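Q: Below is a structure I'd like to ask you about.
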Amino acid sequence: MHRIHRLLTGAIVALAAAACRNDSAAPSSTPSTANPLLVAIARAGFDTAGARDLGDQFAIEQDILISKAVAARWAAGKHDARPGGPSFQWRTTNLVGQTKIYGLKVDLSGLASEPAWQSAAVSALAEWNNVGSSAVYLVQGTPADITIQAAYLHPDGCGVAAAASWPDGTNPGPTITVYTGFCGSPNTNSTKLRNVVHEIGHTLGFRHSNWHCRPPSCQSEGQAGIGAIQVPGTPSLDANSVMNGGTATVSWGGFSANDKLAVRTLYPRVASVVINSGSALDDVTGPNSWNYNVGISAYDVNGNYIPGKVPQSITLDHPSIAQINVYGQLEGLQPGSTTLRATIDGITGTAPVQVSTITITGPSSLGMTESGTFGGVVTGPTGPYQALYWTSGEHNPLGCDGQASCTVTGSQVWYSGEGYMQVVFRNQSTGNFITAWVPVAPE
């Protein structure tokens, strides 16, 4: 929240539903015992002195809004204390999910009667989108992930310019409120822009960069080492950070270098999408063939894998040759070649796909002691193919590995009254494996 308000470069917190503060009240060193929900909030590293009950939520540190539902989860022990202090590994899971951070919808209709604030909000979205190498991408729209609204006064009076809520689970903080009765000076278009940029940072999980040394006398908002996690590579304090608290009357001067580093560290932008580890995909058409899962991974500009990213779309150039089935597997439809395309956060990766047909020849039935010879032929756009493994339906080796054919008895392929003959081929051009099988009836 912006009281008279800057990215968590020095420290970030991803909590469940809160906002920010810019006052100079001294922190509480011991949890309140009057209310178990306030006890839980205090154990999460917040100052509960002067907490206000607003019905379904508490106002903490003046501009931090924590819902009672979230506090109840903390009180139930989901984020409870451990010997030596509270356990806060959970905070990283309460950042906005990597599948949601790109394309967050922000509803600005609540600012229609406040054109200066609305203009500031539009510019704030653009500033966040222009950080560079970051997955944060905000668009105006509904249904909203974040709603920015206007009210006259904060419960603590006219010294608060804006307040926001923290992420809940993998969702961003749902609300930002700007206060039109703010009495700080200056209160210009530039300070409004800075306040909205700051509050958006809270909805994405960034705490005040100076939470542990707030002006004017270097007071802490909570217990050091408990209420915030420092982003690797950033300093503990950054005088130029947009996420510094107590800066509601400061004009917009852009993100600091450490702000940008913090955003890129927590929400790295996808620079490349790799399918199947960069190799071609082989599949088989026919009812007695195996379909294959497709591995799709996202990487940042430095080549680092980004966990949690999933494709927004997967398509094939020739859907008559192959498709992605309801199980998310590549399914061959007819022999031929096509290209698979997967898009994550606007970045598309491709992989060639070859679909072949495996024809397994041999007897359709075998007695328990009767022997039969099976062969396999692959018809497809690439190759050559080599038969590597011959197994029964229960995947038991049949002693024919590497051979073009396999002679077996019925007892080798039968299991629980039914039998199968399975062969695995290797595409010697791509190194991929394809598999097919045929039923063998008892005689």
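Q: Which residue, of Gly328, Gly380, Gly367, is modelled with pLDDT under 90, crowded, with 19+ Cβ neighbours inside 10 Å and not aromatic (Phe, Trp, Tyr)?
A: Working: Gly328 fails: crowded, with 19+ Cβ neighbours inside 10 Å; Gly367 fails: crowded, with 19+ Cβ neighbours inside 10 Å.
From the options Gly328, Gly380, Gly367, the qualifying one is Gly380.
Q: Can you name every residue in the stretch 327-360 that is closer than 15 Å to Pro381 by Cβ and part of a loop (DSSP other than H, G, I, E, B)?
A: Within the stretch 327-360, Leu333, Gln334, Pro335 qualify.
Q: What single numbered condition from (1) surrounded by 16 or more Cβ atoms within 10 Å (Cβ to Cβ); (2) assigned to a loop (DSSP other than H, G, I, E, B); (3) among the small types (Gly, Ala, Ser) fails to hold for Gly402?
A: The one condition Gly402 does not meet is (1).
Q: Ok, one more. Check the stretch 425-435 and report whether any residue there is loosely packed, with under 13 Cβ neighbours inside 10 Å, assigned to a strand (DSSP E or B) and not assigned by TED's automatic domain parsing to the domain that holds Leu330.
A: No, the stretch 425-435 contains no residue that is loosely packed, with under 13 Cβ neighbours inside 10 Å, assigned to a strand (DSSP E or B) and not assigned by TED's automatic domain parsing to the domain that holds Leu330.
Q: Looking at the structure I just gave you, is Thr373 assigned by TED's automatic domain parsing to the domain that holds Ala280, in a strand (DSSP E or B) and of a type in the set (Val, Ile, Thr)?
A: When the stated conditions are applied, Thr373 does not pass them.
Q: Could you list, in sequence order, all residues of the stretch 270-296 that are closer than 30 Å to Val440 by Cβ and in a loop (DSSP other than H, G, I, E, B)?
A: Gly286, Pro287, Asn288, Trp290, Asn291
Q: If a residue has to be touching a Lys or Arg at 6+ places or on another chain (Cβ under 9 Å) and in a loop (DSSP other than H, G, I, E, B) to count, how many in the stretch 129-142 make the cut?
A: To start, the set of residues in the stretch 129-142 that are touching a Lys or Arg at 6+ places or on another chain (Cβ under 9 Å) comprises 131-142.
Narrowing further to those that are in a loop (DSSP other than H, G, I, E, B): 131-133, 135-136, 141-142.
Looking only at that region, the number is 7.
Q: Six or more apart or on different chains, Cβ atoms under 8 Å: show the pairs whose first residue is in the stretch 114-134 and in the same structural domain as Ile200 (by TED's automatic domain parsing) and whose second is in a helix (DSSP H, G or I) and among the polar types (S, T, N, Q).
A: Ala116/Asn189; Ser119/Asn189; Ala120/Asn189; Ala120/Asn195
Q: Hey, does the stretch 318-326 have a residue that's of a type in the set (Val, Ile, Thr), outside any strand (DSSP E or B) and under 24 Å from Phe425 (Cα atoms)?
A: Yes, the stretch 318-326 contains a residue that is of a type in the set (Val, Ile, Thr), outside any strand (DSSP E or B) and under 24 Å from Phe425 (Cα atoms).
Q: Would you pick out the residues in the stretch 377-406 that are closer than 22 Å to Ser356 by Cβ and touching a Phe, Trp or Tyr at 6+ places or on another chain (Cβ under 7 Å)? I'd like the intermediate steps shown before the answer.
A: Keep residues of the stretch 377-406 that are closer than 22 Å to Ser356 by Cβ, which gives 377-391, 393, 395, 400-406.
Selection gives Val378, Tyr385, Gln386, Ala387, Leu388, Gly393, Cys400, Asp401, Ser405, Cys406.
Q: Could you list all residues from the stretch 250-260 that are buried (at least 21 other Cβ atoms within 10 Å of the Cβ) and either part of a helix (DSSP H, G or I) or not assigned by TED's automatic domain parsing to the domain that holds Asn187 (or both)?
A: Correct list: Asn258, Asp259.
The values are calculated or read from the model by the stated rules, or taken from the named source; none is laboratory data. The model shown is predicted, which means the values in this text are computed figures rather than measured ones. Neighbour counts are summed over all protein chains in view; Cβ atoms, including those assigned to glycine, are modelled from backbone coordinates with ideal geometry.
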